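Taking it in order: structure first as structure tokens, then the write-up.
No value in this document is a laboratory result; all are computed from the given coordinates. All of these numbers come straight from a predicted model, not from anything done at the bench. Don't worry about glycine lacking a Cβ; one is built from the backbone with ideal geometry, like all the others, and counts go over all protein chains shown.
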Amino acid sequence: MPPQGSGGVVFFEHVDYGGTAGQALAKGNYTRAQLQAAGVQDNWASSVRVPAGWTVTIYAEDNLTGQSWTRTADTPNFVALSPNANDHLTSCRIQSTQRRRFHPLAEVEPASQALLSYSSSRLSEARVMTAPSRCRRHAMA
Ligand SMILES: [Ca+2]
């Protein structure tokens, strides 16, 4: 079985995760030289495994320039991308997938919108303020 990529982004020499695999790459920016040092040769990669919640941006030129492709999940065949990304990877950026911020209070308690402006460090306090009965039970316990 090929590596699942849970510990990082893994590029492969051939489609369907075949051929030689590069080292698992942590989040960060990688130049051509850095990728080569990790076993990912220039204009070589044909498939990639991407951990859940990660985004990899593939660049056709060095230093994050040229044509780019963004992948947020395992991609078994770069030939199928538009445009064709096969054997084009020269540099890349790996980061957490950007997501819209979401707070459960926004759905459960629409009247508590003002509390959403609290910083994340105070969210537990905001929760107590919206549930006074539970707060009392805690105090008596
Ligand atoms: Ca290849």
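Can you pull out every residue in the stretch 10-35 that is without any contact (Cβ under 8 Å) to a residue 60 or more places away in the chain, away from the ligand (no atom under 14 Å from the Cβ) and of a type in the set (S, T, N, Q)?
Matches in the stretch 10-35: Gln23, Gln34.
Taking the stretch 42-59, which residues are within 15 Å of the ligand (Cβ to nearest atom), surrounded by 17 or more Cβ atoms within 10 Å (Cβ to Cβ) and farther than 15 Å from Tyr17 by Cα?
Listed by number, the list holds a single entry, Ile58.
Condition check: within 11 Å of the ligand (Cβ to nearest atom) and without any contact (Cβ under 8 Å) to a residue 60 or more places away in the chain. Does Ala80 satisfy that?
no
Give the residues of the stretch 83-99 that are in contact (Cβ under 8 Å) with a residue 12 or more places away in the chain and either within 16 Å of the ligand (Cβ to nearest atom) or closer than 19 Å to Gln23 by Cβ (or both), sorted by residue number.
Across the stretch 83-99, the qualifying residues are Pro83, Ala85, Asn86, Asp87, His88, Leu89, Thr90, Ser91, Cys92, Arg93, Ile94, Gln95.
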